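> Structure provided below as structure tokens; questions to follow.
What follows is calculated from the coordinates using simple rules that are stated; it is not laboratory data. This structure is a prediction, so every number in the text was calculated from the model and none was measured. Glycine also receives a Cβ, built like all others from the backbone with ideal geometry; neighbour counts cover every protein chain displayed.
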Amino acid sequence: MKIISALLLLAATFLSGCERQEPPKPVERINVQLKWVHQVQFAGCYIAEKNGFYQSENIDTTLSAGGADISADIILNDLIEGKSHFAIIGGDEFLKAIYMDNPIVAIAVIFQRNPYGYATLKGSKICRPENLIGKKIMVPNDGKIQHDALLSKSGIAETDIEQIPYKRDITPLLTGSIDAHMVYRTGMALAFEEKGIEFNFIWMDDYGIQFYADTIVTTEHLVQQNPKLVENFLKATLKGWRYAIEHPAEAVDATLKYDTTLSRYRQMRMMDTQISLIHTGKSPIGWMDMVVWERMQDTLKREYALLHGYKKIDINKACIMEFLKKIYDRSE
Amino acid sequence: MVFINRGIGTRLLACFLLLAIIPLSVVGFMSYQSGRQRIIFDVESHLESIAILKEQEIDNWIGHLSNTLKWLSENPAVRINTSTIILKDVSDPEYRKAHEFLISEFRRTSHLEHFSRMFLLDSSDGRIVAASDEEWEGRFRNNEEYFVHGKKNLYVSDIFLSLPLGQPIMAVSAPIKDSSGHLAGVLAAHADLQYLNDIMLALNGLGRTAETFLVNKSNLLITNTVFTPESAFQKWIFGQGAKWALEGKSGIGQFIDYRGVPVIGAYRWLEHRKLALISKQDESEAFASVIGLRDVILGVAVFAALIAIILALFLSRAITIPIHRMVEGAGEIGNGNLDHRMNIKSADEIGVLSKAFDLMAGNLRAITVSRNELAKEIFDRKKVEDALRKNERQLQTILDHSPVLISIKSTDGTVILVNKKFEILDMPPIDEIIGKNVFDLFPEDVADTLWKNDLAALKADKPVESEEVIRHKDGSSHTYLTVKFPVYGDAERPFGICAISNDITERKRMEKERRDTEAKLRQQQKLESIGILAGGVAHEINNPINGIMNYAQLIKDRLNPENTLIDFAEEIIIETNRVATIVHNLLAFARYEKEFHSPARISDIVESALSLIRTVIRHDQVTLKMDVPDDLPEIRCRSQQIQQVLMNLMTNARDALNEKYPEYDENKKIIISAYLLEKEGKKWIRTSVVDQGSGIAPEIQERMFDPFFTTKPRDRGTGLGLSISYGIVREHKGMLHMESVQGKYTQFNLDLPVENGSNLDET
């Protein structure tokens, strides 16, 4: 009996010793550059931070807000120079960067669906692209390519529509000085909602303009040097997003911690609205479909060719599925 | 209590409890286990059949939807109108007619069946050309799988979230072919998922914790659950059942569900739908009935245990009370009461035992009488021994607390006894001393003396006193006054020597001190009486000397300058002047001169003294080093006198230096310093005059302050300087003392009290 218990004790000591032998991993400090100001658009990151998902992956994350003065070029520059480790930028911006031979890669797409569309007043009967013919429209600069693509897909000539210089203001549509306003469903469209204005929303996505929006990117260098860090960061962020969708109110609270001046009501509306953009039910959160990337490239190629001469991007090289597959344990 | 520890009562109680509880526990546990197994089996089979039924129901529903769509897509009218729409222009009236037909057909079917909308897609570009919801027309679905697959076959999509609707949908699609069999369009419809939800949530005959739901490949919850209503498509499920099902398994079992609650459940992987179906019920609810059974068993067990306790108590009391009486009786007899009888009259074994006890008590009584006498004798002897022991203890206590060293040695010098006081001596611990010889304990010379004294006492055969020096543990030597005397036992010859030693070191030191003080006092008195004598004499001499001097002056004045007698007169004047100086000094020593005490700074006094002799000192190439701060407190004194004292000291120092270094030397210097010090609770100013000159021989030091004592040649000093200084300082209630090493240095310290008690107007 004594021998057995002694052996057991020895084994226990040895086992516990083994556990302890694992040296504590050093915490990795990383900087994440967000595409825009702090708002619920990045709720997954805030939740991952607040609920300690990053921490349990041994990552100390700083989330830096973007803004009107931080252009996509600045964000890319900082990323390549190593000032930030990850960035969240638009899918079109990402493709443009790849087109210009920047050494970056996409590791996941948070906004799977195109949030752009045209807002028109409910009573205007403008509820599909054909109805835009002969109407006055405001199109933002970064929406121009999609707008053009939609017109060509719907067989509408550019001259059939009168474009009015863009303003970030809801009054032109209300006063009737324009008929349609190209806006983000999760952005200015919410302002109409809050005013109690009934409106139609013509999704670009509904008319074949599939665009990936918020994309998580990092550098080729980091992927090669520290793939584990990339995987861990992505894992925690995606977990944050899943939690955010399951607990929208908590996601908004976590967001408000970053900017206390935000309207809780607006952020709550934004959260509700963005869920169907982020998670489609067809694939897990963050998943990337190479076909969609190819389609985007196809849509954008006219502009690319105009600016930088024609060439084709190797999507499979620029968009890395390795981490998503590892995280979701898929081999397809 | 009657039963404590391992008494009969306790054992009885334990036995009864075991008897009552073991069978109950075994039977109870077995019935509980079998009940539990039964329930698990029942619930699992029930849940499995529910799961299978639900799967069938889903299949039936989807099959029905598919059939409806297939039927519609093959409907000739639909096919013709589809062709029209695809081929004709929008403006064509035929187009409009076909459009209207299709829309009304779509709406009608949607209403009848579980479709939320139905639409026709142009097979060439995936554009919706006709839809039951008008606003859906014009939208493109070319990228959707239901379009891609629907072009070929009847297709049922996975359930996904629709962007424009913001709701989960499932699409069913089928190709529509024109009359020539070519693909014209794709008919698609959105299934109303509310129905699917209803199927899954429909009551299943189990309790309120039973639920059935669907989970997709991404662990996403597809239908609402009982516990999380409205959570379809907003929750991911990571329960063990879902995990198993998503691995492609189907089965039953007990596992932890997505809430972390243990459940009994069935899980199925629906391969066609790529969905996991979970059907489960909380263990707590499933086992509710068996838990009731368990509670009943527990209740019965507790009741049985209570009965057992009562019975055991009753029985044990019946046994233990007579035993207890016997225990008391035995105690009584044991305490000596041999007349005690138990008198237990019962006829059982205990009665017999008590009778035997009573008989034994009678016999004991007879034996005890003779024994008592013996006991008395022992008692008396013990008393004497106690008295002896007490005596010995007293003696030892006295010895140990005695302030003197007490020891007894045998006649050959072996230590027999020492008292505690010996601990302070430089020797081993007391218990190691006993039995050792005096020569083992002390250094040889000490031991020799001690032993000699011992022998002297033996020889004299009476107490002999002697002084002995012995070292203490702390290393100091102490002088003891020892009385030694022979010790006799019964025999006529002494068996040892007793020594009682008293430490007289301190007493001797004090005696010496007293002698020193007396010598000092005598010296002082001598000086004082000399002072008085000299004062008196000087006073008497002063007047005749003045006369002699005046007459000598007169003689000198009246003589012709060529007369050689003038020389004699001048010699008289010189010599009388000398006498006058001596007298003046003597008077000063005898305090015949008077001056007021007034506040003065010691730095000023030193400076004025120096002003008189600095030239001389410089001439002799003596270096002066000064450390006399200006900010010392003022002292009350006769500054002229103190100045004189300092001059005396400096002159002496100069002379000593000149004696040692006739020429210049770097060590030929006088250091004068002054500082404040405190002694006897008063403030003093010490002025030191130090020279590294010839020093003063020890035999001279004693006489230094005597008047007319001098070591200098006759023409250089009167021998009064230091004695006058001494007198001055004493009058200032100060002190003048000196230390010197011959050939090295001499230091005079002049200590003056800051406040000497004299008033300004005192004369």
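> Under 5 Å between amide H atoms, partner at least 5 residues away or on a different chain: which partners does A:ASP289 have, H built in plane at 1.01 Å?
Those qualifying (amide H under 5 Å, at least 5 residues apart or on another chain) number zero.
> Okay, moving on. Too long at a 26 Å Cα-Cα cut-off: which of A:LYS96/B:LYS151; B:LYS508/B:LYS733; A:LYS239/B:LYS243; A:LYS282/A:LYS317? Working shown, then result.
Details: A:LYS96/B:LYS151 35 Å; B:LYS508/B:LYS733 31 Å; A:LYS239/B:LYS243 17 Å; A:LYS282/A:LYS317 24 Å.
As for pairs spanning more than 26 Å Cα to Cα, those are A:LYS96/B:LYS151; B:LYS508/B:LYS733.
> Once every DSSP H run of n ≥ 4 in the protein assembly as shown is given -39500 (n - 2.57) and the sum is divided by its residues, what mean residue ellipticity at 222 nm do you get, rounded to the nearest 500 deg cm²/dmol?
On the way: 33 runs with 538 residues, N = 1095.
So the calculated ellipticity at 222 nm is -16500 deg cm²/dmol.
> For the pair B:ARG703 and B:GLU513, what calculated FRET efficiency results from E = 1/(1 + (r/R0)^6), where r is the Cβ-Cβ distance and R0 = 35 Å, to the nearest 0.05? Before the final figure, lay out each step's value.
Details: r = 22 Å, r/R0 = 0.64.
Using R0 = 35 Å, I get an efficiency of 0.95.
> Next question. Which aspartates and glutamates, if any, have their Cα less than 15 Å from the Cα of B:LYS669, not counting same-chain residues under 8 positions apart?
Candidates past the 8-residue exclusion: B:ASP620, B:ASP627, B:ASP655, B:GLU659, B:ASP691.
> Using the C-alpha gyration tensor of the range B:169-283, what are the square roots of 5 times its eigenvalues, in whole angstrom, with the largest one first?
On the way: eigenvalues 224, 45, 28 Å².
Square roots of five times the eigenvalues give 33, 15, 12 Å.
> Taking each residue of A:276-289 in turn, how many C-beta atoms of other protein chains fall within 10 Å of its C-beta, and what is the average? Present the calculation step by step, with values, prior to reporting the outcome.
Values: counts 10, 3, 1, 7, 8, 13, 11, 6, 6, 3, 0, 1, 0, 1.
That average works out to 5.
> Can you compute the FRET efficiency between B:MET326 and B:ARG371 using 1/(1 + (r/R0)^6), with r the Cβ-Cβ distance and R0 = 22 Å? Round to the nearest 0.05.
Calculated value: 0.35.
> Would you look at the GNM of chain A, springs on alpha carbons closer than 10 Å, and say which of A:THR215, A:THR159, A:THR120 moves the most?
Greatest mean-square fluctuation among the candidates belongs to A:THR159.
> Go ahead and run the numbers for FRET between B:ALA387 and B:SER25, Cβ-Cβ distance against an R0 of 60 Å, rounding to 0.05. Walk me through the intermediate numbers first.
Values: r = 71 Å, r/R0 = 1.18.
For B:ALA387 and B:SER25, the calculated efficiency is 0.25.
> Still on this model: Per q in 0.07, 0.09, 0.10 Å⁻¹, report the Debye log10 I(q)/I(0) for the protein assembly as shown, using one uniform scatterer on each alpha carbon and no solvent.
Here the Debye-derived log intensity ratios amount to -0.84, -1.18, -1.32.
> Note down the magnitude of the dipole of the range B:535-690 about its Cα centre, charges +1 on Lys and Arg C-beta and -1 on Asp and Glu C-beta and zero elsewhere, to the nearest 20 debye. Please report the intermediate quantities before stating the final value.
Working: 19 positive and 23 negative charges, 121 e Å.
Here the range B:535-690 has a charge dipole of around 580 debye.
> Give me Rg/Rg_expected for chain A, where Rg uses Cα atoms only and Rg_expected = 2.2 N^0.38 Å with N residues. Before the final figure, lay out the partial values.
Numbers: Rg = 23.3 Å, N = 332, 2.2 N^0.38 = 20.0 Å.
Here the answer is 1.17, to two decimals.
> Right, another one. Please give the charge dipole size of chain B, origin at the Cα centre, charges +1 on K and R Cβ atoms and -1 on D and E Cβ atoms. Round to the nearest 20 debye. Show your work: numbers first, answer last.
On the way: 90 positive and 105 negative charges, 441 e Å.
For chain B, the charge dipole is close to 2120 debye.
> Where a ≥ b ≥ c are the square roots of the eigenvalues of the C-alpha gyration tensor, would you call the range B:602-739 rounded, which needs a/c under 1.5, or, failing that, prolate if a/b is larger than b/c, or oblate? Don't jump to the answer; show the numbers that get you there.
Numbers: a/c = 1.71, a/b = 1.26, b/c = 1.36.
Oblate shape, in that a/c is at least 1.5 and b/c is the bigger or equal ratio.
> Moving to a separate point now. Taking the inverse of the average 1/r across all pairs of different Cα atoms in chain B, what Kirkwood radius in Å do you get? Working shown, then result.
Values: mean 1/r = 0.0225 Å⁻¹.
After inverting the pairwise mean of 1/r, the radius is 44.4 Å.
> Something else: Using only the Cα atoms of the range A:185-279, build the gyration tensor, take square roots of its eigenvalues as a ≥ b ≥ c, and label the shape rounded, prolate or oblate: rounded if a/c is under 1.5, else prolate if a/b is larger than b/c, else oblate.
On the way: a/c = 2.65, a/b = 1.52, b/c = 1.75.
The shape class here is oblate.
> Rounded, prolate or oblate: which fits the range B:283-382 when a ≥ b ≥ c are the square roots of the eigenvalues of the alpha-carbon gyration tensor, with rounded for a/c under 1.5 and prolate only if a/b beats b/c? Spell out each step's value before the answer.
On the way: a/c = 8.53, a/b = 3.18, b/c = 2.69.
Here the range B:283-382 falls in the prolate category.
> Also, quick follow-up: Can you give the angle from 0 to 90° between the axis of helix A:227-246 and the longest principal axis of chain A, with both taken from C-alpha atoms, to the nearest 10?
60 degrees
> What is the count of Lys pairs in the range B:349-468 whose alpha carbons sit under 26 Å apart, if the two are 8 or more places apart or on different chains?
21
> What do you get when you divide the Cα radius of gyration of the range B:24-108 by 2.2 N^0.38 Å, with N the number of residues?
Values: Rg = 28.5 Å, N = 85, 2.2 N^0.38 = 11.9 Å.
My calculation over the Cα atoms of the range B:24-108 gives 2.40.
> With a length cut of 18 Å (Cα positions projected on each helix's long axis) and a Kyte-Doolittle mean of at least 0.0, go through chain B and give me the DSSP H helices that pass.
Values: long enough: B:8-74 (96 Å, 0.45); B:93-112 (29 Å, -1.00); B:288-334 (65 Å, 1.56); B:349-401 (66 Å, -0.46); B:444-460 (23 Å, -0.24); B:505-558 (77 Å, -1.02); B:565-589 (36 Å, 0.93); B:602-619 (25 Å, 0.75); B:639-660 (32 Å, -0.63).
Taking the DSSP H segments of chain B (at least 18 Å long, mean hydropathy at least 0.0), we get B:8-74, B:288-334, B:565-589, B:602-619.
> Ok, one more. Which of B:MET360, B:TYR675, A:MET138 sits farthest toward the positive end of the charge dipole of the protein assembly as shown, with +1 on the Cβ of Lys and Arg and -1 on the Cβ of Asp and Glu?
Of the options given, the answer is B:MET360.
> Taking loop as defined by DSSP and a crowding limit of 14 other beta carbons within 10 Å, which GluC sites (Glu not before Pro) in the range B:473-536 fit? Write out the running numbers ahead of the final one.
On the way: sites: B:GLU492, B:GLU506, B:GLU511, B:GLU513, B:GLU518, B:GLU528; in loops: B:GLU492.
Answer in residue order: B:GLU492.
> Roughly how many debye, to the nearest 20, is the charge dipole of the range A:91-135 about its Cα centre, given +1 on each Lys and Arg Cβ, -1 on each Asp and Glu Cβ, and no other charges? Walk me through the numbers on the way to the answer.
Numbers: 6 positive and 4 negative charges, 91 e Å.
Computed charge dipole of the range A:91-135: roughly 440 debye.
> For a 22 Å ceiling on Cα separation, which of these pairs sit above it: A:LYS257/A:LYS326; A:LYS326/B:LYS217; A:LYS50/A:LYS326; A:LYS50/B:LYS235?
A:LYS257/A:LYS326; A:LYS50/A:LYS326
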